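Reviewing the structure listed below.
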Ligand code: DHB
Ligand code: FE
């Protein structure tokens, strides 16, 4: 059967992708950020999964104000990197495990999570930057990826509590798939950042550090954080953090924290990163 072995959380700032693509990772500005992902790349070599279920949000690339899905699962065979205004990133095409994606869609809808099924979609920095951070710059991504897009760009966004419950349903879905697969769940976005309005540039290190601690050891408390607190404490784009709760809900109550990294700033954003293993 398929098994969820680990969870990864990481911010997905587009400038991180540009720094990798333009060979700037060792500059004074970027080195401290990328140093925190050295362990992660080594860990990933030892723990390459068969499939990553990658929770992210689209930023007006595949979806716009015409269509705003709350929870959308990518069911196509593959997904091209999106053109976000300066040409698509020169990163590998993302290949799906379409049979597992279909199974997850069926199982989750039967568990009363009514997903939107996506058969054509380009994937933006929300998905490709985490892949680059964890895998570097390979010719091909070393595993299959199921894109799972969450609507956090336009309100109403889903509640943290709903995302946490969805993670639990996801686990049930994965564990009823008939192929022996090592599956990781990644939650991306965050941490505190605000890209707009009078508070643009807001970063709240105290909130972020508490979030990092609690999402590992007290996820139920994190699941109850209301939208207004994300907005006040973590800035308008801090709401991306609800996606980490899908990852966390898919793991055991008690997890092994393998790695934690926090760096401020990358572009306008506080970058947080966790690697959590399900005890075997
Ligand atoms: C930035 C961060 C994001 O999460 C994003 O989606 C776009 C921009 C930034 O810090 O510049
Ligand atoms: Fe974002």
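Before moving on, here are some points about what is shown:
- Mean Cβ count within 10 Å, highest first, over the residues of peptides 76-83, 15-22, 108-115: 15-22, 76-83, 108-115
- Sequence-separation-based contact order of the chain, relative, with Cα cut under 8 Å and 6+ spacing, percent: 31 percent
- Between residue 180 and residue 78, the contour length at 0.36 nm per residue exceeds the alpha carbon distance by 34.6 nm.
- For residue 155 and residue 195, the difference between the fully extended length at 0.36 nm per residue and the C-alpha to C-alpha distance is 12.8 nm.
- Treating r as the C-beta distance of residue 64 and residue 114 and R0 as 30 Å, the FRET efficiency rounds to 0.90.
- Beta bridge orientation in the range 3-277: antiparallel %, DSSP, nearest 5: 45 percent
- Cα gyration tensor shape of the range 23-65, rounded if a/c is under 1.5, else prolate or oblate by comparing a/b with b/c: oblate
- The equivalent ellipsoid that matches the C-alpha gyration tensor of the range 18-116 spans semi-axes of 30, 20, 13 angstrom, in descending order.
- Here, P(r) means the percent of Cα pairs in each 5 Å bin from 0 to the largest distance; for the range 76-165 it is 3, 11, 20, 21, 20, 15, 8, 2, 0.
- Working value for the range 121-246: equivalent-ellipsoid semi-axes of 26, 19, 14 Å, each the square root of 5 times a Cα gyration tensor eigenvalue, largest first.
- Pairwise label distance in nanometres, residue 90 with residue 1, each label 7 Å out on the Cα-Cβ vector: 4.5 nm
- Mean shadow area of the range 3-277 over all directions, Cα convex hull, nm²: 13.2 nm²
- Largest GNM mean-square fluctuation across 131, 231, 166, computed for the chain with C-alpha springs under 10 Å, falls on 231.
- Convex hull volume per residue for the range 179-280, taking Cα atoms only, in Å³: 105 Å³
- Extension gain, residue 24 back to residue 46 (0.36 nm per residue minus Cα-Cα distance, nm): 5.3 nm
- When 73, 228 are arranged by Cβ crowding within 10 Å, least crowded first, meaning fewest neighbours, the order is 228, 73.
Throughout, read-outs are computed from the coordinates displayed, never taken from laboratory work. Values in this document were obtained by computation on a predicted structure and should not be read as measured data. Methodologically, a virtual Cβ is constructed for each residue, glycine included, from the backbone with ideal geometry; neighbour enumeration extends over all protein chains shown.
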